[in-house]
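Encoded as structure tokens, the structure appears first; notes follow it.
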Amino acid sequence: MAPLLQASTVINGCNYSTVYLMKILRYPDPGLSTRCTPVTVFDDGLSAFAADLLATMRTAPGVGITAAHVGTFVRLFVLDLPDWPQPLYYVNPVILEASVETIRHMEGSVSMPGATEEVERPRRIRFSYQDIQGLSHETEAQDFHAVCIQHEIDQLDGIFWLKRLSRLKRERLVRRWEKEELRRAIG
């Protein structure tokens, strides 16, 4: 995916690296329904792409973004949760177990800015993933963290979050969002 904008990462006044802000696919782009393939190469290119993905997400803004959101259809996503000290990178994630108990939380997408709706998902999950270096992990998540992971794994599976809504809620939300998009375009 071609970068839209070049930016530098500055920490404590020191310029550490250059990142690229990438174009985010907008709903209803068919790429958002594409099932992603596993990452097989863990190298500096993957690390650089993940850093670009994080910068793109923060600019959007959002709390999570998948490689699919920028038109790269591999199983990678980044979360930058408000109460976590650093971003979380998940490669080739798989949900192994989900609780029967559910939680309802507002969700949205960087591909559909401004549109949010409450979605019900399992409250706790156990999942496996690889980190950006390719090391395998298995862990649990609950509440907002679990919701975010499930949301992003859905996207990696080609399931845009709107599909988790009832048909009526989905149609109403899309109509409102399209009207707002038209209003923004007109100015």
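The values are calculated or read from the model by the stated rules, or taken from the named source; none is laboratory data. A quick note: this is a predicted structure, and the numbers were derived from the prediction, not measured. Reconstructed Cβ throughout: ideal geometry from the backbone, glycine too, with neighbour counts over all protein chains shown.
At a glance:
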read-out	value
Condition broken by Q86, with the remaining ones in (1) assigned to a loop (DSSP other than H, G, I, E, B); (2) crowded, with 19+ Cβ neighbours inside 10 Å satisfied	(2)
Which listed residue is in a loop (DSSP other than H, G, I, E, B) and free of Cβ contacts under 8 Å to residues at least 40 places away in the same chain, from V110, V100, V78	V100
Qualifying residues in region 147-165 (those that are in contact with a Lys or Arg (Cβ under 7 Å, 6 or more places away or on another chain), assigned to a helix (DSSP H, G or I) and touching a residue at least 60 places away in the same chain (Cβ under 8 Å)) - the one nearest to Q130 (Cα to Cα)	L156
Counted residues, region 113-146 - those being in a strand (DSSP E or B), buried (at least 17 other Cβ atoms within 10 Å of the Cβ) and not charged (D, E, K, R)	7
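Each row is one residue, and each column tells you yes or no for (1) closer than 25 Å to F144 by Cα; (2) modelled with pLDDT under 95; (3) surrounded by fewer than 17 Cβ atoms within 10 Å (Cβ to Cβ); (4) out of contact with any helix residue (DSSP H, G or I) (no Cβ under 7 Å at 6 or more places or on another chain).
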position	(1), (2), (3), (4)
A50	yes, no, no, yes
L54	yes, no, no, yes
T59	yes, yes, yes, yes
G71	no, no, yes, no
D80	yes, no, no, no
